[in-house]
Structure formats: structure tokens, C-alpha cells
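In what follows, a single structure is set out as C-alpha cells and then discussed.
The values are calculated or read from the model by the stated rules, or taken from the named source; none is laboratory data. In this text, all values refer to a predicted model and were calculated from it rather than measured experimentally. Cβ placement follows ideal geometry from the backbone for every residue including glycine, while neighbour counts extend to all protein chains displayed.
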Amino acid sequence: MARWVVLPVQGVRGIRWSRRLRAWVWAYGFMAPALVLFGLIVLYPSLEAFRLSLYQWSVFAPKRFVGLANYQRMVHDPLFWTSLRVTLIWTVGVVPCVMVLGLATAIALNQPWLLGRGIFRTIYFVPVMTSIVASAFAWRWLFEPTFGVVNWMLRQLEVSDPPGWLASTTWALPALMIAGIWKQIGYAMVLFLAGLQTIPRELREAAEIDGAGPWQAFRHVTLPLLNPTVVFVAVILVINAFRVFSIPYVMTSGGFTYLTPGGPLNSTRVFVLHIYDLAWKQFDFGYGAANAMVLLLMVMTVTLIQLRILQRPFEY
Amino acid sequence: MRWKLLPVLAVMMVALAQCAPAAPATPTAPPQITIVHWQHHHEARKPVVDELIQKFQAKHPNVTIKFESIPYEQYFDKLLTALASKTGPDVFQIPMEMAEQLIRAGALAPVPENVMTPQQIEAAFIPAAVQRFKADGKYYGLPTDVQTLILFINVDLLKECGGDPNKPPATWEELKEQARRCTKRDAQGNIVQAGLDTRYRWAVFTQAMYSFIDGPVVDAAACKVNYASPQGIAAWKLVAELMTGPEAVDSPKFLTGQRKFEQGKAVFYINHPVTRGRLEREAKNINWIVAPPPVPAGKKPVTPLHVWAYVVNKDAKNPEWAWRWVQFLTSKEAQIQWFRKAGDLPSLKELLSDPSLVTDEKYRIALESMTYSRPVEQVGQTEVDNIQSELWEKIVIQGAGVETAVREAAAKEEQVVKKILGCP
Amino acid sequence: MGRWMRWAGRALVYGALVAGSVVMLLPLAWMTSAAFKPLYEVMRIPPTWIPQEPTLENFRAVFAQFPFGRYFLNSLITATGITLSVVLTSAMAGYALAKFDFPGRNFLFLLILSSLMIPFQTRMIALYQVAISLRLQDTLLGVMFPWLVDAFGIFLMRQFMLTIPSDLIDAARIDGASEARIFWTIMLPLVRPALAALAIFTFLGAWEEFLWPLIITSSDASRTIPVGLQFFSEQYGTNIHWQMAGALIAALPMLAVFFLLQRQIIEGIALTGMKG
């Protein structure tokens, strides 16, 4: 029996209030650790980041309020536009490739007649689980123009003048993008597989009995039902593309004045590398923070578009 | 809330401070001192520092040196952010290009008179190594890691392509000619052996500029950067000749980012004498010699002299012990170690003519290069390095027109110099 | 005809999958092969896949210069600390948001939810400032601290706990169980799969984190495996064969975990969608 029946003197109302109060206290008690940490590492730094973007603050010099000057400077800064362009190329190149290859692999692995499904799934997932720095090293040497395996293969294919990859302003970014695609296919595949498994097989079989070919069945039955997964994977991949750092940093850095990360000639300067360079190489923290706000804007836009498409938050 | 607590805290602090001396201190054991020491990593220099730390600590058991060998790539980022946030090391190493910047920022402590007076410093060290660390009659750093640029030659590869190790190239023309002969290409024309290793690009274009330009390359007094002059442009045209076209002697596409000489894939190599240490450790099977660096035809040999100095953070808790440690690092005893084990050139006058140092021909040539050296004039580190590196990439990778690119870079560098030196 | 077509189609699918597998395994295969070769064999054209002159010398050289044990320990401590903190704070906050009615609940939930849009890279300059003022630079706590709470984790746990009927909790309350006890002995066991998934991807994310440790560490005392490996390569960049041996050693722990817990990891990622 509920306790308040045993204690009638307090009156129903008072007890309800004290119970509620107790619940509030408990609720905030449960929330407390998360809230404290949230304030310290999410809320405060977010607001502070915005505040910093209004200051000129360089190493050794005191902070100085400059209003929107950092944002004005950004508009006229060719490096800002370069890094924005590099990031957009990365996004437009990497995301569709990962989507298509990930989905194709998932559909192949979802075929009932396929043997060795587990082995293939493991193999395609290995890149996701291989240390990103270690695999970037391996890619760097695979792409080495003279002794690297990639150009050796191209020469076998009778390509007479294979690209200089990381030594070329044209080919460095594609080389990094290939590594970025390689790293994420398995991840997209797993999410698509999970999505495909929620689609009843009978639906597609019914469509095929009705005379639809496999492609039509895929187009008109599987794909629409898979739509939420597709949007979700696309959004995650786009956000990952906006925030990419490790692969470009590791693959383009290399000791003693060989190449500054993001090189050659800023051809691989992705946006986060741009922020990193401004803050920790040029010590222009305020300007770096202003650039970081653009990243926030980009991520927010994509998230809000996703919300509109899916009509509800976070279809996990 | 926080503000209300402050006075309470302050009172407590004062009380604590009062208590501290009351604790009985044993008079015999001197207080333990920890000195945090940072420098950029070099394969050959790290073991020498480790050894010197052992020696210093054995002599002074009350001192512990905490040594961090930070990769060159991150060194300046870590150092400057740490200094700005007052979490920097007590002792660290800076290149001469940064001296003015850090002295002006008030980040460094001067050498105290009881460790070494300015007169003693001037008497002991060669002027080229210390002059840039002097401001207002005080010295802010003691030099080690003196480097010139010299020519390294892979003897076996040179003989293979018909060269004579006894007649090393003395001029750029000779170098170009021999390097071209020694560059190997595959059927498609891709380089598979470089005539000249240009991975260490700074060395190549700096030697070119300092050997071509007669006057100052950077004139700090006039706040001018002078390599857009005809001589400077000639130097960069030489770079273009070495690096581009069908007669190039190296290419960024060949062993991208690799040290080619150390791997036995290049015949010539312009680099610091300290490369000796790396070759002895990591390329034991390469048979190499050194020679004076190339200069334009008809000129006397010349090489840029570069130096790093150990300096002390102005926030160091124990500046006196920090300076003693620096004094030890730059002492005669230590410099002999630096020279023998790493290949660093000495900065002490007395060691320049010390015959005991010259135990082989390589040492002789390295040491002798100091007699025809001129100090590096560059002002500003990372920013300027980036400008010059970018210039190199524009010429070498993009095939940009040399004159325009050089003019742009020199103008940009001049802006940086003006900012650092506070010129009008 | 139809049958023939079907077999041809299947053969094509197998062919494509096998070709894809080769590409997927290429970097790891090359890394493994190069790790056992002397330098001159690494640079041989055409490349050899099975080392002709296999050697363990590279590993000896790497272990002499690369404090892998230290980095491994740092990675283990920081990733474990982050995981414990995230799992605990997420479960507690998720429980409060799902099963309590309190003033400010919706506001807090929306606040946490909308913070998901703020990428770490936007906050990192300010976080660096916080870390400096708390004297956390170059410490293990400093490596951990931006990750100790995860808005997504809170959201995930709330969603899972919403699916658990409140009757269970009410019944326990009536039996006089304390709130802490209800949380610990009733809620947590019921959301174990979600907790496990959250723990797995938090741990993997923490293990792989590169940018923040790059910013905050400056000595071996706090370097984790990814930055340690990068550091090693910057120091000994000239030696591909060493670099590959180091990379292989650095990649092994996580690959080992993957082969042991493959099912849980893949299911966990499918369940939650791992953050990049």
C-alpha cells in the first residue's frame, strides 16, 4: 500500500507536494553529474567560443574586443575560401562514394544465397577498426609516386605518367579522399545492413512475383523503406566530412620543413585543419574561433535539413 | 559566492605561508630543484642531451632535469602556447631567427651576472653565435647547435656515375653538371635516383640565396628583405633549374617526403654538419664524405651560419640553476660531446682552433666551414619559413614564374619582418 | 536463360565483393608485409608481398625508441575513464529525463539535444583555454576532460528508458525501494544492451581520438597511441620500415578487440550509429 495511507495526518495535498519535491530533488540529483560536466565542457565553451570570436587575441598580447572584425577579415581571407572549397570538394566526393559503395555492399551481403557473409562483413569492417593514424601512414606509402603500390599498379595498367599524388597540388586531395572513402565504407555498410534487415523480405518477393525486376523491386520497395536510414547515414557522413582532420593531417605532415599539414600549397587544407592552423600554429585564437563559428553554421544547417526531411528528431 | 570566499581563501593562504617556514628544514640537504628542459627532436642530439643530464645530475644531486624532445613540426606551437599560458619549460632552445621576437615579448630572462657577465660571454663565444641574443647590454641566450651548410656526397654512387670523390663540385655549375649525370630515370622518365637530395629544401634555397646575394639577404636595421634583387632572383632561378624540367636533379614526386640521401637514393645533399650524427646512427652502410658547399662560379666559398641558443623562461622558478644548466650545456666539456657525438659545430672561440677536435677529414671540412660563414639574417621563424616554403612549392610544383613569385614572397616577408621588429 | 543470367549475376557479385575485399585489406596487408622487411626491400619495384628477407629487426628498433607500453597504458586509462564517466552520467541523466517529472525537464532536454549540433571543433579553442586555466595540459585528465559527458549518450539512454514501463518503478517505490536502488537494480539491468552499445562506441571513439590529444599533450606522460604514433613518425620519418612496424603494433590492440567482440561491436554500432 502506498505510504500516505498510513500517515493520514499530513493531508493528501501536503503529502503529494512533499513527494513531488522529493522526486524533484532526486531528479536533479540524477542530473547533477551530467549537468555539471555539460556546463563545463559543452555549454560554457560554446558560449565562450562565440565570445572569443569577437576578440583579437594572439599569443603574448592581451585580448582586445574587435566586434565583428574577425568575420569581416574572414570574408577577405583567401585561405578561408580555399579551406571551405577543399572541405566542400571532400564532402561532395567522399559522401556519395561511401553511400553508394556502402549500400551496394550491404545489399550484396543481404542476399540470402550469399556464402561467406560473415567473412565479407568482417573484411569490409576492418578499415573502420584500423587505427586512423596507422592506416594514414600505410596510405601515404601506398601513394608514394615512385615506389608506391598504387602507381606500380597504374603502371601495370599502362598508365605512362601516373600522378604525383601527395606531391601534387591536383592529386593530393583525391589521394586523401580515397583513404577517407576506404575508411568509412564498412561503417555505412553496417548501418545499411541494419536498415535492410528491418524490411520484410516478403514485400520485395511479392513485388518480384508481380513481375517487377530486381532493379524495380529495389527502386520502388526497398529504397523508399530504407529512406530514413539513407538520410541518417548521409547526414552523419556529411558532418564527418565537414569535421575531417586526422587523415589530411597525418598524410600531409612529415617532419623537417617537408610539407606543412594541408599542403602542398594548401591544396588539402580542410576546414578543421584551417582552424587548427590559425589557433595553434599562428596563435590567432580569436580569428580561429570566428572560423570555428562557420563550422558550427555548416553542421547546424545540415542537421536542420535532416530534421525537416525526417519530420522528427534523430531517427536512430 | 566565489567572491565572498576569496578573502577567506586569502587569509588561509597567508596563514599557510606563515606556517611554511616553521617546518624544520634540514640544513644539510639542499632543496630539490626540477628544471624542465625542452628542445626540438633530432636523432643525433637527443642522446647527447640525455648523457649531459646524467653528468649534470651526478654533479648536482639536488637538481633533476626533466627533458622533452619535441618533434620539430610541433615544437614552436607547443613552446609558444606554453609560454603564453605561463606553463612553459624553464630552459628551452630557440633559433636565432626568433631571438628578437621573444626578447621583445619579454619572455626570456637575461643571463645573470653571477653566472656569466656580458664581458665573459663576449670573450668566450664567437660573435656570430651570440650577437642576436643581445639586447640592452644583456645577453638572453647561450649558443650551441652551430650549423653551417656543407655538401654531403655518397661516394659509391658518385663513382658509379663517373664522378671523382677527390674533385667534389665547388660551384653550382659543377654541382648541377655532376648531379645531372648522376640522376637516374626509368623508361618513362621518372626519377629513381636523385642527383641532389632536396628534401631538406631550406638548406638548398638558403645556400643559394646566401651564396648569390652579396649584401644582406635581410637587412634588419633598414627593415628590408633583399632577395627580390637580381642576385636573389638568380638564386631562385637556380632552384627552378635544379628542380623542374627534363634535366631536374630531384623531384617532389621521387620518394615524397623521404630523406633520400640517408636511404642511399641520392648522390649529393646540402645539409647541416649535424647530419653526420644521423648518418652514423641510421645509415651505417652508406659511404660518404663532405665538401664545402657550392657557390656561384668565381666566388669565394660562403655558407650561412645558423645557431640555436639555450634560453631561460622569465617565469622559471629557479633561474639561477636554470642558467647553470645552460652554462653546462654550452661549456667546453659539453661542446666537445656535441661535436663528437652529434656533429654540431662549437660556439666557443677556444674550440675553433683546437687541433684535438680534428680527428678526420669530415671534421676538418665541417669546422673549416665556419671560417667562411656568414650569420643567417632571417627574422621570424614559422611565418617566414612558410613564406619561403610556399615560394619553393610555387616554383617547383606549380612551375610559377620565378621573378613574380620571388617578388611576392619577399614583399610578404618584409611585412612580417616589419611587424616583428616594430618598424614603421 | 533466366537461370544462366542469375548465375552470371551471382558470379559478378562474388567477383565484386572479392575485389572490394582486396582493396579493403590492401593498406593493412602492405603495412604488415613492410613491417617484416628491410628498408631496401620495402622500396623494391615490383613490390613483394611475402617478405623475401623477413626480419624482426624493425620491431626491435621500434621498441627501442617507441614507448609503446606507456602510450598503450595512457590510451587504456583515458578511454576507460571516459567510458565510465559517459556511461554513468548518461544513464543517470537519461533516467531522470525519462522517468521523472520535474520543472525545467523539457528545457534541459532541449538544451542537451540542441547541443548535439555544436561540433567539438567549434569548442576546441575555448576548451583549450579551460584546460589551461585548470592546469590540465599534458595530463591524462586533460586528455579525457572534453569527453567526460556526451549529450548523445544522454539522449540515447533517455530513449531507451522511455520504452521501459513505469509500472515497474512505481511497484518498486511502493515496496519502499530508494530511488538510487531502483536506478541501480531495476533500470540499469533493463537497459544493459543500450549501455553496452554506448560503452563500446564511447571507448572506440576515445581510443581513436587524435586532434585533442595532439593539442593538449606535450610529453610521453600523457600521449595516447594515435599521437604517440604520429610523434614517433615525425621523429623517425626517414624509416618507412620502422614506421610500418610501429603502425602495426599501434593498430593491433583494437583489431584484436574487434575480432574478439565482433558481433557486439557491429550490433552496437548499428544500434546507435557511431559518431565519426
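Okay, here's what the table says:
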quantity: Condition check for A:Gln184: within 14 Å of chain C (Cβ to nearest Cβ), closer than 30 Å to B:Thr256 by Cβ and either among the hydroxyl-bearing types (Ser, Thr, Tyr) or in contact (Cβ under 8 Å) with a residue 12 or more places away in the chain (or both); calculated: yes
quantity: Qualifying position, being in a helix (DSSP H, G or I), among the basic types (Lys, Arg), over 30 Å from C:Ala251 (Cβ atoms) and away from chain C (no Cβ under 11 Å), among A:Arg51, A:Arg73; calculated: A:Arg73
quantity: Residues (within 11 Å of chain A (Cβ to nearest Cβ), β-branched (Val, Ile, Thr) and loosely packed, with under 13 Cβ neighbours inside 10 Å) located in the stretch C:152-177; calculated: C:Ile174
quantity: Index of the failed condition, A:Thr146 passing every other in (1) touching a residue at least 60 places away in the same chain (Cβ under 8 Å); (2) polar (S, T, N, Q); (3) closer than 28 Å to B:Gln263 by Cα; calculated: (1)
quantity: Which listed residue, of C:Asn74, C:Asn58, is out of contact with any Phe, Trp or Tyr (no Cβ under 6 Å at 6 or more places or on another chain) and either modelled with pLDDT under 90 or away from chain A (no Cβ under 11 Å) (or both); calculated: C:Asn74
quantity: Residue count, the stretch B:382-424 (criterion: assigned to a loop (DSSP other than H, G, I, E, B) and either hydroxyl-bearing (Ser, Thr, Tyr) or surrounded by fewer than 21 Cβ atoms within 10 Å (Cβ to Cβ) (or both)); calculated: 7
quantity: Test: C:Leu73 is within 22 Å of the chain's Cα centre (by Cα) and on the phi < 0 side of the Ramachandran plot; calculated: yes
quantity: Boolean, A:Ala134 is closer than 22 Å to A:Leu265 by Cβ and within 9 Å of chain C (Cβ to nearest Cβ); calculated: no
quantity: Among (1) of a type in the set (Val, Ile, Thr); (2) more than 26 Å from the chain's Cα centre (by Cα); (3) in a helix (DSSP H, G or I) - the single one C:Thr78 does not satisfy; calculated: (2)
quantity: Out of B:Val267, B:Val311, sole residue that is away from every other protein chain (no Cβ under 14 Å), at pLDDT 95 or above, in contact with a Phe, Trp or Tyr (Cβ under 7 Å, 6 or more places away or on another chain) and buried (at least 24 other Cβ atoms within 10 Å of the Cβ); calculated: B:Val311
quantity: Qualifying position, being within 30 Å of A:Val126 (Cα to Cα), assigned by TED's automatic domain parsing to the domain that holds C:Phe120, touching a Leu at 6+ places or on another chain (Cβ under 7 Å) and of a type outside the set (Lys, Arg), among C:Leu211, C:Leu204, C:Leu229, C:Leu148; calculated: C:Leu148
quantity: One residue from C:Ala194, C:Ala180, C:Ala247, C:Ala251 being farther than 30 Å from B:Leu83 by Cβ and more than 10 Å from every other protein chain (Cβ to nearest Cβ); calculated: C:Ala194
quantity: Failed item in (1) modelled with pLDDT of 90 or more; (2) under 24 Å from A:Thr169 (Cα atoms); (3) not aromatic (Phe, Trp, Tyr), with A:Ala290 passing the rest; calculated: (2)
quantity: Hits in the stretch A:93-123 (condition: over 24 Å from A:Arg219 (Cβ atoms) and not charged (D, E, K, R)); calculated: A:Gly93, A:Val94, A:Leu115, A:Gly116, A:Gly118, A:Ile119, A:Phe120, A:Thr122, A:Ile123
quantity: Counted residues, the stretch A:77-109 - those being of a type in the set (A, V, I, L, M, F, W, C), closer than 19 Å to A:Val270 by Cα and over 14 Å from the mean Cα position of the chain (by Cα); calculated: 7
quantity: Positions within the stretch B:161-193 being loosely packed, with under 15 Cβ neighbours inside 10 Å, assigned to a loop (DSSP other than H, G, I, E, B) and out of contact with any helix residue (DSSP H, G or I) (no Cβ under 7 Å at 6 or more places or on another chain), in sequence order; calculated: B:Asp164, B:Asn166, B:Lys167, B:Asp186, B:Ala187, B:Gln188, B:Gly189
quantity: Search result, residues across the stretch B:382-405 that are of a type in the set (Asp, Glu), farther than 23 Å from B:Thr81 by Cβ and at the interface with another protein chain (Cβ under 10 Å from one of its Cβ atoms); calculated: B:Glu390, B:Glu393
quantity: Sole residue being surrounded by 22 or more Cβ atoms within 10 Å (Cβ to Cβ) and either within 11 Å of chain A (Cβ to nearest Cβ) or under 24 Å from A:Val235 (Cα atoms) (or both), chosen from C:Thr217, C:Thr202; calculated: C:Thr202
quantity: One residue from B:Ala322, B:Ala334 being in contact with a Leu (Cβ under 6 Å, 6 or more places away or on another chain) and in a helix (DSSP H, G or I); calculated: B:Ala334
quantity: Residue match in the stretch B:205-226 (condition: touching a Phe, Trp or Tyr at 6+ places or on another chain (Cβ under 8 Å) and within 13 Å of chain A (Cβ to nearest Cβ)); calculated: yes
quantity: Test for A:Gln282: is it surrounded by fewer than 19 Cβ atoms within 10 Å (Cβ to Cβ), in the same structural domain as A:Ala104 (by TED's automatic domain parsing), at pLDDT below 90 and within 30 Å of B:Ser389 (Cα to Cα); calculated: yes
quantity: Residue in the stretch A:118-129 that is surrounded by fewer than 23 Cβ atoms within 10 Å (Cβ to Cβ) and more than 25 Å from the chain's Cα centre (by Cα) present; calculated: yes
quantity: Condition check for A:Val238: touching a residue at least 24 places away in the same chain (Cβ under 8 Å), surrounded by fewer than 16 Cβ atoms within 10 Å (Cβ to Cβ) and within 14 Å of chain C (Cβ to nearest Cβ); calculated: no
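Quick grid of which residues meet (1) surrounded by 20 or more Cβ atoms within 10 Å (Cβ to Cβ); (2) aliphatic (A, V, I, L, M); (3) within 10 Å of chain C (Cβ to nearest Cβ):
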{"position": "A:Asp161", "(1), (2), (3)": "no, no, no"}
{"position": "A:Thr170", "(1), (2), (3)": "no, no, no"}
{"position": "A:Leu191", "(1), (2), (3)": "yes, yes, yes"}
{"position": "A:Gly195", "(1), (2), (3)": "yes, no, yes"}
{"position": "A:Ala206", "(1), (2), (3)": "no, yes, no"}
{"position": "A:Leu225", "(1), (2), (3)": "no, yes, no"}
{"position": "A:Phe242", "(1), (2), (3)": "yes, no, yes"}
